[in-house]
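The values are calculated or read from the model by the stated rules, or taken from the named source; none is laboratory data. This one's a predicted model, so the numbers in the text were calculated from it and none came from an experiment. Cβ coordinates were reconstructed from backbone atoms using ideal geometry, including for glycine residues, and neighbour counts include every protein chain displayed. These accessible areas exclude ligands, DNA and RNA; they are computed on the full protein's heavy atoms, side chains included. Shrake-Rupley method; radii C 1.70, N 1.55, O 1.52, S 1.80 Å.
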Amino acid sequence: MIEHFISGIEAAVTVTNLVALSFGALLGIIVGIIPGIGPMVGMVVLLPFTFALPPAVALSLLLGVFCGGYYGGAVPAILLRTPGVPSSIFTSFDGFPLTQRGEAQLALSAALLGSFAGGVISVVILTFLAPALAHIAANFGPPEYFSAGLFAVTLVVMAYRKELGPGLLLLGLGFWLSTVGIDGPTLATRYCFGSMALRNGLHIVPVCLGLYGIGQTLILVEQQKILQTEHMSLTRRTLDFSKLLEALRYWRTLIRSGVIGTFVGLIPGPGSILASFMSYEAAKRFSKKPEEFGQGNPEGCLASEAGNNAVPAGAMIPLLTLGIPGDALSAVLLGVFIINGVYPGPLLLVKEPVLINTLYVSMFLINVVAFLMLAIWLRPFAMVVRIPSNLLAVNIMIISMVGIYAVNTRFFDAAVALVMGVLGYIFLKLRWPMVTLVMGIILGPILENRLRESLSLGDGNPLIFLSRPISLGLVLASLAVVVIPLLMERAKKKVNLH
Amino acid sequence: MAEDKKERSRIEDLVRAILGICAAGILISSPWNVDTSGPEPFYKGPLIFPIIALGIMVLASLPSIWRLLRSTAEVPWALGKYSIPYKTGLILLLLIAFLVAIPWLGLELSSLIFLGVSLKVLGYRSPIKGILLPLLMTALLWLVFKQLLGVFFPIPRLWELLMD
């Protein structure tokens, strides 16, 4: 155990890995700061470049963007009341009033300290909880894996239950897209429509890059909104480190929010917005002066940021131990694992202990690097918001297109990305939960194989899912996730009618 | 929580219905589009999962088809406050043209033209943003993809024609 951890540290502090995670964090902060872009676009744009890298380095690069995005999101939320990432909206509730009072440095210190503490706490929990969960998951057979996947998918769809129809439709579309090409177990061709190029299936890179890299940037092209930055005042170029000590008074809130964020991140579906919201509300509830929340209380910034920054490591727990992603970002990470021939699951911790420990250490280092980068180059980073988003969009598009071509040197992939880009644009415009589409594409092959293996075990009898206790529990939990909220909403409507 | 309320539009129902009808069409034609000649029973075969996936799509689109068939005049066709996105359409066309142009003009010239025209369409006419930025970006693409990653790009056909 200890020797694996030491090997992990050695692998994490290699020059290549440090450069990758620092570059990832830098890009993450930038895409996090610019409203409308976010870490997902940053991650998918980098996807083609990960093919040339070893798995640990590729994952460090993408994790850098994942975590760095949440760090960056707080900056415009505090300075301009415009959250860079959606979950930073709660940071703006107290951050912007503090900026208006001339205390932007205190708000930013609290947010950065919160982000750092949330990130570190969640990595510590991940390190201890992942082996325990993997131990439980080691008893899983195909029916349990299928039921766990079903549970995760149900949670994600129900997290967007206001868009239940579109969510289900996109999930089905994702599942179907994952079946195009030659079927691995039977070598049968599926839905190739006579195209030779489609026989290889739809590769995850053009699909995800199209949906987010092209789709999101087509939306950005339309944005003419220029952020009002003339009141964006920072007393100094760097972070005022004396304010960090002031923010450290709220250490209880830091720990509580980090734990809340990790456990919310662990559950597929809710994501960083809920983590941020719950941490903020908990801080308000436990505060001696709850009335100050929303008026410019640094504790609010700290709680919200600690909550959302704990999500990436939290989301890694089910991803590493069960191979189940909780959101679109970790679904892309799962795709990168699979592309590199690494299959997440309980055996991963046994088979690839050095890789796992490298990831733990890298995640810790990403938090240190992102914190230091923002603390030292606070003003230059804050100025990034002045870059017009449509100018950036055009450049992201061209990098995406050339990047997709570069993966297999096939123009067909770039054409797939364009089609996906148009679909992504339409879905984003309709505000449909695209996360279910990405989950469907990436989880589709895993669920399909587990389903067929389970049915083979049961000689074609689907009751096999109900005949094993863990699987039965997960199926019942999936049912409960669907039925309970619907019953509650019905009861609420009845009460309102009376 | 913090999300602003979404206005309903019939466009949304239309998109759902189109996707659902396409899914139904593919579902019906599945036996011809999937090679089921193998000896595996249905539950081990290549058709079970696509049927589930397409079935989910069809079921999820049924309410929209129902709403579209009923006359609900109170729900508008317009999608919120959005108008027809001409600029987006133009940028998309330019992106398609860029892709088609790479084999003919090469990466550098295609990128330069795409960026130059796109930025002009978006209203950037100053020399720095309109000329210098496309040049810098093209140089960056050439450096990263051709020099650092060594990605193969076909020799421009126009170049070959000129040489002939």
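Can you name every residue in segment A:141-168 that is aliphatic (A, V, I, L, M) and touching a residue at least 40 places away in the same chain (Cβ under 8 Å)?
Keep residues of segment A:141-168 that are aliphatic (A, V, I, L, M), which gives A:148, A:150, A:152-153, A:155-159, A:164, A:168.
Across segment A:141-168, the qualifying residues are A:ALA148, A:LEU150, A:ALA152, A:VAL153, A:LEU155, A:VAL156, A:VAL157, A:MET158, A:ALA159, A:LEU168.
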- Item | Flag if A:GLY194 is modelled with pLDDT under 90, of a type in the set (Gly, Ala, Ser) and within 30 Å of B:ILE65 (Cβ to Cβ) | yes
- B:LEU136 versus (1) away from every other protein chain (no Cβ under 11 Å); (2) modelled with pLDDT of 90 or more: which is the lone unmet condition? (1)
- Task: Assess whether A:CYS192 counts as being assigned to a loop (DSSP other than H, G, I, E, B) and either in contact with a helix residue (DSSP H, G or I) (Cβ under 6 Å, 6 or more places away or on another chain) or within 12 Å of chain B (Cβ to nearest Cβ) (or both).
- Result: yes
- Message: Suppose we filter A:MET316, A:MET278 for residues that are at pLDDT 85 or above and in contact with a Leu (Cβ under 7 Å, 6 or more places away or on another chain); which single one remains?
- Response: A:MET316
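Among the helices (runs of 4 or more DSSP H) contained in segment A:406-470, which hold 2 or more residues that are within 8 Å of chain B (Cβ to nearest Cβ)?
Working: elements: A:411-429, A:434-457, A:464-467.
Correct list: A:411-429, A:434-457.
Quick check on my filter: what residues within segment B:26-47 are part of a helix (DSSP H, G or I) and open to solvent by 20 Å² or more (accessible area, probe 1.4 Å)?
Quick first cut of segment B:26-47, residues part of a helix (DSSP H, G or I) only: B:26-33, B:42-44.
Within segment B:26-47, B:ILE26, B:LEU27, B:ILE28, B:SER29, B:PRO31, B:TRP32, B:ASN33, B:PHE42, B:TYR43, B:LYS44 qualify.
Answer yes or no as to whether A:LEU447 is of a type outside the set (Ser, Thr, Tyr) and free of Cβ contacts under 8 Å to residues at least 24 places away in the same chain. Break it down stepwise before answering.
Values: of a type outside the set (Ser, Thr, Tyr): yes; free of Cβ contacts under 8 Å to residues at least 24 places away in the same chain: no.
Spelling it out, it is not the case that A:LEU447 is of a type outside the set (Ser, Thr, Tyr) and free of Cβ contacts under 8 Å to residues at least 24 places away in the same chain.
So which of B:LEU115, B:LEU105 ends up being surrounded by 16 or more Cβ atoms within 10 Å (Cβ to Cβ), facing another protein chain (nearest Cβ under 10 Å) and in a helix (DSSP H, G or I)?
Values: B:LEU105 fails: facing another protein chain (nearest Cβ under 10 Å).
So the residue among B:LEU115, B:LEU105 that is surrounded by 16 or more Cβ atoms within 10 Å (Cβ to Cβ), facing another protein chain (nearest Cβ under 10 Å) and in a helix (DSSP H, G or I) is B:LEU115.
If a residue counts only when it is out of contact with any Cys (no Cβ under 8 Å at 6 or more places or on another chain) and farther than 30 Å from A:ALA282 by Cβ, which helices (runs of 4 or more DSSP H) contained entirely in segment A:1-115 have at least 1 such residues?
Details: elements: A:2-12, A:15-33, A:38-46, A:55-80, A:89-100.
Answer list for segment A:1-115: A:2-12, A:15-33, A:38-46, A:55-80.
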- Task: Filter segment A:93-106 for residues that are among the hydrophobic types (A, V, I, L, M, F, W, C) and out of contact with any Phe, Trp or Tyr (no Cβ under 8 Å at 6 or more places or on another chain) and give the result.
- Result: A:PHE96, A:LEU98, A:ALA104, A:LEU106
